[in-house]
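To keep things clear, I will list the structure first and then write my remarks on it.
The values are calculated or read from the model by the stated rules, or taken from the named source; none is laboratory data. The shown structure was predicted, so the numbers you read here are calculated from the model rather than taken from an experiment. Here the Cβ positions follow ideal geometry from the backbone for every residue, glycine too, while neighbour counts run over all protein chains shown.
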């Protein structure tokens, strides 16, 4: 790379918040920062996205929790985490101390739990480190027999509305969507109507692996989320469809945070051209703990090669 | 060779393979990774990527460090061909390159004063124990080693490791080498005879549980190195968890890559571990509420 990459304009707007670059970790693929900070300075990233946190501590599921699949993996962790109280008093404080821009991923089993978690987060002394909140609505709604919030427009809108009520304006809410739906544009529209400022897409796809020797599901939790390069075309499709609907004026315009199978700068650029304003690196981090900063460097080189600003490339593959 | 700067006692390097030698059913690989060699302690592990940046096998494979040479800048591991990923590693030859992350995890803790120590290795689980034995000996401890496996070919270190220890007992399930029986069989007598206060063990979960129970019955501590399936090895994937009871009496699903791979045997909740599956104990922190 011959260009001086520090002069490349990688800034991106995330619903009113400007980030110095579009690269992020993906929730659940980077723990809460300390582990990767041993390998690189996480403050170099546009933002660090934390593991989804619920109101109370969560043990997560039994093991096996993962199965390797062609160019990917299934995981069934069960949102293991410390609960919001311990999160704000330890993890968030630490993230602030190293200067990270933090996107906190929140989850809940009821829409009220989402709001309760958000309320506690907003009240935290370290809330100043929070650049945005990602609302992980790709988790089961206990009140509706485990139907995933993000599979139902109305439930999606309700969660976003309740969270929006307790989070100050100026802190963008990103709704994290599952691709396991008939019409992802409809869910995106409902989330935006509920109060989301942006969309993170995609979460994992539901899958099952069977241990053919024992003749039973491989994962302790039976089903798992499929991630890795294998799902990248699905992410590109979901981003494409949603961004196209925005360009056509069918749904309001909002930033899309692209995630799904990004392993290289070229992959990140592909999601950008489909319509993503920011990029999360998830499963690739398991292969390479430096993947998020490596992809950032590769992307910077590709943007420089094109003599462009990053923001000009967002959605540039669309004909209109 | 490229290496990232060491920020916090761990790094990722593209290591050249210096040697790959057969050892029974396994292969012993010598990797050139001086940054890792100077940092590692017995019981720690390394995580190897499979093939290059476009590999369809994304998850790293973790191996306990067999030994290091800080002078030569090398790290040795012992690999069993257990599937497509490990098979790729067993086919590496001198001059090939492989991405290595390490050193990872918490290793073994030596006694605070010179004491008799017992080491129990099952299958290639013996790999990290010879280096440990040498370091214990250097601290004045006597070392008594029980090496066991299903068959002679599955033993690792029966000959090469004999010089590292003061006493070696070899056991095989089928009697093809040493005495016939399980690796845990000679342990009670050895504990009684040596008055060892600590037993270091690495091998299958069933063996580690048995070692823990026998050690406890003799008033000794067991330090067990577990082998859990890991996707990343560095603490971010949350797949390698085990229920571990802390000093505060609370059981948590702990990452064996960060809090382990060496645990105090009695801290492991063996009651929920069986047949390659681990359940969440009902009294674990954050365990799901029991649905009526």
Restricting to region B:227-241, give me the number of residues that are buried (at least 24 other Cβ atoms within 10 Å of the Cβ) and touching a residue at least 24 places away in the same chain (Cβ under 8 Å).
6
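Given the condition out of contact with any helix residue (DSSP H, G or I) (no Cβ under 8 Å at 6 or more places or on another chain), within 24 Å of residue A:168 (Cα to Cα) and either surrounded by fewer than 24 Cβ atoms within 10 Å (Cβ to Cβ) or within 12 Å of chain B (Cβ to nearest Cβ) (or both), answer yes or no: does some residue in region A:27-38 qualify? Even if it seems obvious, please write down each step before you answer.
Restricting attention to region A:27-38, the residues satisfying the condition of being out of contact with any helix residue (DSSP H, G or I) (no Cβ under 8 Å at 6 or more places or on another chain) are A:27-28, A:31, A:35, A:37-38.
Of the ones still in play, those that are also within 24 Å of residue A:168 (Cα to Cα) are A:27.
When the remaining residues are screened for being either surrounded by fewer than 24 Cβ atoms within 10 Å (Cβ to Cβ) or within 12 Å of chain B (Cβ to nearest Cβ) (or both), the result is A:27.
There is at least one residue in region A:27-38 that is out of contact with any helix residue (DSSP H, G or I) (no Cβ under 8 Å at 6 or more places or on another chain), within 24 Å of residue A:168 (Cα to Cα) and either surrounded by fewer than 24 Cβ atoms within 10 Å (Cβ to Cβ) or within 12 Å of chain B (Cβ to nearest Cβ) (or both).
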For the list (1) within 11 Å of chain A (Cβ to nearest Cβ); (2) over 23 Å from residue B:123 (Cα atoms), I need the number of the one condition that residue B:228 fails.
(2)
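Quick check on this structure: which one of B:253, B:207 is assigned to a helix (DSSP H, G or I) and either within 27 Å of residue B:112 (Cβ to Cβ) or within 14 Å of chain A (Cβ to nearest Cβ) (or both)?
Values: B:253 fails: assigned to a helix (DSSP H, G or I).
That would be B:207, the only listed residue that is assigned to a helix (DSSP H, G or I) and either within 27 Å of residue B:112 (Cβ to Cβ) or within 14 Å of chain A (Cβ to nearest Cβ) (or both).
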Go through A:199, A:192 for me and flag whichever is within 20 Å of residue A:241 (Cβ to Cβ), modelled with pLDDT of 95 or more and part of a strand (DSSP E or B).
A:199
Would you point out which residue out of A:88, A:17 is in contact with a helix residue (DSSP H, G or I) (Cβ under 8 Å, 6 or more places away or on another chain) and more than 9 Å from chain B (Cβ to nearest Cβ)?
A:88
Filter result (surrounded by fewer than 18 Cβ atoms within 10 Å (Cβ to Cβ), part of a loop (DSSP other than H, G, I, E, B) and within 14 Å of chain A (Cβ to nearest Cβ)) within region B:77-110
B:82, B:83
Taking residue B:135 as the residue in question, decide whether it is within 19 Å of the chain's Cα centre (by Cα) and either assigned by TED's automatic domain parsing to the domain that holds residue B:29 or at pLDDT below 95 (or both).
no
Yes/no for residue A:259 being more than 12 Å from every other protein chain (Cβ to nearest Cβ), in contact with a helix residue (DSSP H, G or I) (Cβ under 8 Å, 6 or more places away or on another chain), within 16 Å of residue A:227 (Cβ to Cβ) and in contact (Cβ under 8 Å) with a residue 24 or more places away in the chain:
yes
From A:115, A:55, grab the single residue that is more than 30 Å from residue A:232 (Cβ to Cβ) and away from every other protein chain (no Cβ under 14 Å).
A:115
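Report yes if some residue within region B:213-225 is within 14 Å of chain A (Cβ to nearest Cβ) and either at pLDDT 95 or above or in contact with a helix residue (DSSP H, G or I) (Cβ under 9 Å, 6 or more places away or on another chain) (or both); otherwise report no.
So the first thing to find is which residues in region B:213-225 are within 14 Å of chain A (Cβ to nearest Cβ), and the list is none.
Checked region B:213-225: no residue is within 14 Å of chain A (Cβ to nearest Cβ) and either at pLDDT 95 or above or in contact with a helix residue (DSSP H, G or I) (Cβ under 9 Å, 6 or more places away or on another chain) (or both).
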Applying the selection to region B:16-39, what residues are out of contact with any helix residue (DSSP H, G or I) (no Cβ under 9 Å at 6 or more places or on another chain), more than 13 Å from every other protein chain (Cβ to nearest Cβ) and farther than 20 Å from residue B:96 by Cβ?
B:38
Condition first: within 14 Å of chain A (Cβ to nearest Cβ) and out of contact with any helix residue (DSSP H, G or I) (no Cβ under 6 Å at 6 or more places or on another chain). Now tell me which residues in region B:60-76 satisfy that.
B:60, B:62
Taking only pairs six or more apart or across chains, which ones have beta-carbon atoms under 6 Å, a first residue in region B:260-289 that is at the interface with chain A (Cβ under 8 Å from one of its Cβ atoms), and a second residue that is surrounded by fewer than 17 Cβ atoms within 10 Å (Cβ to Cβ)?
B:285/B:250
Evaluate region B:60-70: report whether one residue or more is under 30 Å from residue A:227 (Cα atoms) and in a loop (DSSP other than H, G, I, E, B).
yes
Mind listing whichever residues of region B:28-59 are within 16 Å of residue B:17 (Cα to Cα) and outside any loop (DSSP other than H, G, I, E, B)?
B:28, B:29, B:30, B:31, B:32, B:34, B:35, B:36, B:37, B:46, B:47, B:48
If you check every pair at least six apart or on different chains, which have Cβ atoms under 6 Å apart with a residue in region B:141-168 that is farther than 21 Å from residue B:115 by Cβ first and a residue that is exposed (fewer than 15 other Cβ atoms within 10 Å of the Cβ) second?
B:150/B:173; B:151/B:174; B:151/B:176; B:152/B:176
Scope region A:45-71; condition in a strand (DSSP E or B), touching a residue at least 60 places away in the same chain (Cβ under 8 Å), in contact with a strand residue (DSSP E or B) (Cβ under 6 Å, 6 or more places away or on another chain) and over 20 Å from residue B:242 (Cβ atoms); matching residues
A:47, A:49, A:53
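Can we say residue A:134 is more than 14 Å from chain B (Cβ to nearest Cβ) and part of a helix (DSSP H, G or I)?
Numbers: more than 14 Å from chain B (Cβ to nearest Cβ): yes; part of a helix (DSSP H, G or I): no.
So residue A:134 fails the test.
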Output for region B:231-250, where each listed residue is part of a loop (DSSP other than H, G, I, E, B) and more than 7 Å from chain A (Cβ to nearest Cβ)
B:233, B:240, B:246, B:247, B:248, B:249, B:250
Go through (1) part of a helix (DSSP H, G or I); (2) touching a residue at least 60 places away in the same chain (Cβ under 8 Å); (3) under 22 Å from residue A:131 (Cα atoms) and name the single condition residue A:240 misses.
(3)
